[in-house]
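One structure is given below, encoded as C-alpha cells.
The values are calculated or read from the model by the stated rules, or taken from the named source; none is laboratory data. As the structure is a computational prediction, the values presented were derived from the model and not from experiment. Every residue, glycine among them, receives a Cβ derived from its backbone with ideal geometry; neighbour counts consider all protein chains shown. Only protein heavy atoms, including side chains, enter the accessible area calculation; ligands, DNA and RNA are left aside. Shrake-Rupley method; radii C 1.70, N 1.55, O 1.52, S 1.80 Å.
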Amino acid sequence: MTAAVREMRASYAFVERNFNLTKRYFGWELAFLVYNVAGALAISLIGKQFGNNRLLLSLMIGAVFWNYLSIIFSFIAETIAWERWEGTLEYTMMAPVRRATQLLGSTLYAVLYGLVHTTVVLAVLVLFFGLDMSRANLATGAVFMVVGSLSFIGIGMMAAILPLMYVERGAQMTFVLQSLLLLVSGVYYSVDILPGWMQVLSHISPATYVLDGVRRGLVDGLPVTSLFGDIWPLLVMAVVLIPLGVWAFGRAERYAKRTGKLKRVG
Amino acid sequence: MTTTLDPELKRLQVPATSSQPTNGRRRPAQAAADRPALLVQHVTKRFVVGRHRKPVQAIRDVSLRLEQGEIYGILGANGSGKSTLIRLVSGLLTLDEGRVEVFGLDLARQELAVKRLINRVSVDAAFFKKLSPAENLAFAARLYGLDPRAAAREAVAILARLGIAERRLGRPVEQMSRGMQQKVAIARALLTSPTLLLLDEPTTGLDPRSKLEVQAFVEEVRATHDTTIVLTTHDLAEADRLCARIGILDGGRLVAEATPAELKERVARERGLPPTLESVFMTYTGRSLDDDEETAEEEGD
Ligand SMILES: Nc1ncnc2c1ncn2[C@@H]1O[C@H](COP(=O)(O)OP(=O)(O)O)[C@@H](O)[C@H]1O
Ligand SMILES: [Mg+2]
C-alpha cells in the first residue's frame, strides 16, 4: 500500500466515525435542523413584512448560506474541543496518521453534512414561501458553496488551534471569530452601508464573495462564467488559507505537546 | 550526566521472557536482536504552570532499556511522573532533553514509524461514548491502516477471551461498566499488534474480578504475542505477578530498578524490612501506599 493510499484510507476513518456519530445523535440532528429552519424563517419573514420579494429572497439566502458556512467552520474548529470533551484527543493524536489527513477527513465530512443540511433548509423555506425558483441558476449556487467551503476550511483549521492552545476558553474564542465574520460579510445587508474600515475587512472575508455570488446566481439567475470577480478571490484565499491552516495547526500541536496542553490528568 | 541509580542496580539485564511463535503477526523488520524494544536515554520533562511559577520537574534524567517480550513495571506515588513518562514515549509530549528509541527508531525524527509500533491504554478508556465498541474499534482499525472487517473479527475473538459477548458490541460504550470499557480499550490496543504496549494504570478502579481478568490477559499477551509492555500501577501484587523488572519513580527520578525478587531481597538485607514490595515502595518513595492515597484525595480536583 503506498503512503498516499494509506493516508486516504485513514482520512476515511474520520468520515465514517463522524457519520456514525451523526446517526447516534440523530434526535439532536433533527432538533438542530428545526433550529436552523426556524432561524432562517424568522429572518426571511422580515422581507415578507415589507412586501418585498427581492428583500425576502436576499435575507433568505443570507440566512441559509451563512448557516452552511458556519457549519463547515464550526465542525472543523470544534474537532479538537469535541475530542477533548469525549476524552479521545490523546488517542487520536497518537495514531500514525498525518495531521493533514485527519483534517482532510474531518473537512470532507463537514462539507457533506453541510450540503445535505443546507439543501433541506433551503427546500423547506422555498416551499414555505411558495417561491418561484425557475429564474434561479442553481448551478451557480452550488459552485459558490463548494468553492466557498474551501476558504472556510482554511479558516476553520486556524480556529481549531484555539481549543488546542487554550484548554478552557478556546472553544468560546472560535464563536467570537465566527460572529466577526458575520458582521463584516454582508450576510443580511449590503457591505456598502458599513463604515470604511469595516468595508476593508469585508474584502478579506470569503463569506462576502460567497453570498454575493449566490445572490447573483439565485436572485438574478447569472451563470458562474459571468461571476469571475467573486470566484477568483475565493480561489486565491483557498490556496493560501488551507496550507496556512495545516501549517499553523502543526505548530499549535507542537506547542501543546511541549507545554502539556493535550491532557493533564490520568 | 549522572543517574541516581545505585551502580549495582543499574541496568540489571533480564533475558527476554518469551520467544514463542507470533501467530503470523507482523513484527518490525527493525527488531534486530541487538536493538532494545525501548530505549529511554537521559530524558527530562518540565512543565510550567501559571505564568510566574517555578517549572515542575515531572521527569528528571530518566534512562531505561527494555528488551523485547519483557513486562516492565513502573511504580511510584501519585505525581511521581509515571503518566508523563508514558506520554513522552507515546509522543504525546515532546522531550525537553534526552532521546527515546523504539526498536532503534528515533521518536523525534521518525515519529510516524514509531507510532505504528506502539499503542497505549490509559486509566480512563478513551472512547466516543455514544458509539458502540464495534464502531470505536472500526475507527481505530482504519486509523492504523487495518482492514476493518478482519479487525472486527479479531476484536470479537479478543473480547470473547475477556468475557465480553459479541452482542454487547453494538450498544453504546457509555452503557458498559468501567471494567468492560477498560477491556475494550485493551482489545483496541491489541488490534493494531503493537510491538510496544504502554499500559498506564490499566486496572486502577476496576473491581477485583475484572482486575484479575485483565492481569491474566496481559500475561497471555506477553506470552503469545512477544509484545513488550510497560505497565504503571498502584497495585503492588499486580506488579509482582506481571513484571519481570520494576522501576520506581520518585519526584520524576528513577530511584531503583531491578527484578521484584531482587528489590525485596535488597530491602530485607539492607534495612531489615520484611521482603515485600510494600517495604520496597516505602523505602524508595519514603511513604506507604496508604499515605499516597490520602494525598491523592487531598489534591483531588
Ligand atoms: N500536562 C501537564 N501540565 C502541567 N503539569 C503536569 C502535566 N502533566 C503532569 N504534570 C505534573 O507533573 C508531575 C507528574 O505527573 P504525572 O506524570 O501525572 O504523575 P503520576 O502519573 O505518577 O501520578 C505532577 O506534579 C503533575 O502535576
Ligand atoms: Mg498517572
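Summed over the stretch A:123-159, the residues that are of a type in the set (V, I, T) and free of Cβ contacts under 8 Å to residues at least 40 places away in the same chain give a count of 2. Here B:G69 fulfils each of the conditions (1) closer than 30 Å to B:M176 by Cα; (2) in contact with an Asp or Glu (Cβ under 6 Å, 6 or more places away or on another chain); (3) not polar (S, T, N, Q) apart from (1).
Within the stretch A:51-66, is there a residue that is open to solvent by less than 10 Å² (accessible area, probe 1.4 Å) and of a type in the set (D, E, K, R)? Checked the stretch A:51-66: no residue is open to solvent by less than 10 Å² (accessible area, probe 1.4 Å) and of a type in the set (D, E, K, R). Being open to solvent by less than 10 Å² (accessible area, probe 1.4 Å) and not small (G, A, S) is the filter; apply it to the stretch B:69-81 and report the residue that is farthest from ligand 2 (Cβ to nearest atom). Among residues in the stretch B:69-81 that are open to solvent by less than 10 Å² (accessible area, probe 1.4 Å) and not small (G, A, S), the one farthest from ligand 2 (Cβ to nearest atom) is B:E70. The residues of the stretch A:1-10 that are of a type in the set (A, V, I, L, M, F, W, C) and either at pLDDT 95 or above or loosely packed, with under 12 Cβ neighbours inside 10 Å (or both), listed by number, are A:M1, A:A3, A:A4, A:V5. When B:P55 is tested against (1) away from ligand 2 (no atom under 15 Å from the Cβ); (2) touching a residue at least 12 places away in the same chain (Cβ under 8 Å), just one condition goes unmet, and that condition is (2).
Residue by residue, here is whether (1) within 24 Å of B:D124 (Cβ to Cβ); (2) modelled with pLDDT of 95 or more; (3) within 14 Å of chain B (Cβ to nearest Cβ) holds:
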position: A:Y12; (1), (2), (3): no, no, yes
position: A:K23; (1), (2), (3): no, no, yes
position: A:L45; (1), (2), (3): no, yes, no
position: A:S106; (1), (2), (3): yes, no, yes
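Does B:V123 fit the bill of being modelled with pLDDT under 90, within 16 Å of ligand 1 (Cβ to nearest atom) and open to solvent by 20 Å² or more (accessible area, probe 1.4 Å)? Criteria met by B:V123.
The criterion of at least 3 residues that are more than 8 Å from chain A (Cβ to nearest Cβ), more than 23 Å from A:K261 (Cα to Cα) and in contact with a helix residue (DSSP H, G or I) (Cβ under 6 Å, 6 or more places away or on another chain) is met by the following helices (runs of 4 or more DSSP H) wholly inside the stretch B:70-161: B:133-143, B:148-161. Those residues that are at pLDDT 90 or above, surrounded by 14 or more Cβ atoms within 10 Å (Cβ to Cβ) and part of a helix (DSSP H, G or I), I need them from the stretch B:202-215; list them, please. Answer for the stretch B:202-215, where residues must be at pLDDT 90 or above, surrounded by 14 or more Cβ atoms within 10 Å (Cβ to Cβ) and part of a helix (DSSP H, G or I): B:K211, B:L212, B:Q215. Quick one: is B:I164 more than 12 Å from chain A (Cβ to nearest Cβ), in a loop (DSSP other than H, G, I, E, B) and either more than 18 Å from B:E219 (Cα to Cα) or more than 16 Å from ligand 2 (Cβ to nearest atom) (or both)? Yes.
For the stretch A:211-266, the set of residues classified as within 15 Å of ligand 1 (Cβ to nearest atom) and polar (S, T, N, Q) consists of A:T259 only. Within the stretch B:183-201, if we keep just the residues that are within 16 Å of ligand 1 (Cβ to nearest atom) and open to solvent by less than 10 Å² (accessible area, probe 1.4 Å), the residue that is farthest from B:V156 (Cα to Cα) turns out to be B:D200. Annotation for the stretch B:222-237: no member residue is acidic (D, E) and not in a loop (DSSP other than H, G, I, E, B). Scanning the stretch A:208-264 for residues that are touching a residue at least 24 places away in the same chain (Cβ under 8 Å), part of a helix (DSSP H, G or I), hydrophobic (A, V, I, L, M, F, W, C) and farther than 29 Å from A:R98 by Cα returns A:V210, A:L211, A:V214, A:L218, A:V224, A:I231. For the stretch A:259-266, the count of residues that are open to solvent by less than 30 Å² (accessible area, probe 1.4 Å), farther than 23 Å from A:L131 by Cβ and within 14 Å of chain B (Cβ to nearest Cβ) is nonzero. In the stretch B:126-164, which residues are open to solvent by less than 20 Å² (accessible area, probe 1.4 Å), at pLDDT 90 or above, out of contact with any Asp or Glu (no Cβ under 8 Å at 6 or more places or on another chain) and aliphatic (A, V, I, L, M)? Across the stretch B:126-164, the qualifying residues are B:L131, B:L137, B:A140, B:L143.
Please go through the stretch A:55-104 and give me each residue that is away from every other protein chain (no Cβ under 14 Å) and among the aromatic types (F, W, Y), ordered by number. A:F65, A:W66, A:Y68, A:F73, A:F75 - these are the residues of the stretch A:55-104 that are away from every other protein chain (no Cβ under 14 Å) and among the aromatic types (F, W, Y).
A:S185 meets each of the listed conditions (1) open to solvent by 60 Å² or more (accessible area, probe 1.4 Å); (2) under 25 Å from A:M133 (Cβ atoms); (3) within 20 Å of the chain's Cα centre (by Cα) apart from (1).
So, of the residues in the stretch B:193-218 that are touching a residue at least 60 places away in the same chain (Cβ under 8 Å) and more than 16 Å from ligand 2 (Cβ to nearest atom), which turns out to be farthest from the other protein chains (Cβ to nearest Cβ)? Only one residue fits best here, namely B:V218. Scanning the stretch B:172-192 for residues that are within 13 Å of chain A (Cβ to nearest Cβ) and among the hydroxyl-bearing types (S, T, Y) turns up just one, B:T192. Would you call B:L9 away from ligand 2 (no atom under 16 Å from the Cβ), modelled with pLDDT of 95 or more and open to solvent by less than 90 Å² (accessible area, probe 1.4 Å)? So B:L9 does not fit the description; no.
Pairing residues of the stretch A:8-26 that are without any contact (Cβ under 8 Å) to a residue 24 or more places away in the chain and among the basic types (K, R) with residues that are assigned to a helix (DSSP H, G or I) and open to solvent by less than 20 Å² (accessible area, probe 1.4 Å), at Cβ distances under 7 Å and at least 6 apart in sequence or on separate chains, gives A:R17/B:F139. Scan the stretch B:91-109 and give yes if some residue there is within 16 Å of ligand 1 (Cβ to nearest atom), on the phi < 0 side of the Ramachandran plot and buried (at least 23 other Cβ atoms within 10 Å of the Cβ), otherwise no. Yes, because at least one residue in the stretch B:91-109 is within 16 Å of ligand 1 (Cβ to nearest atom), on the phi < 0 side of the Ramachandran plot and buried (at least 23 other Cβ atoms within 10 Å of the Cβ).
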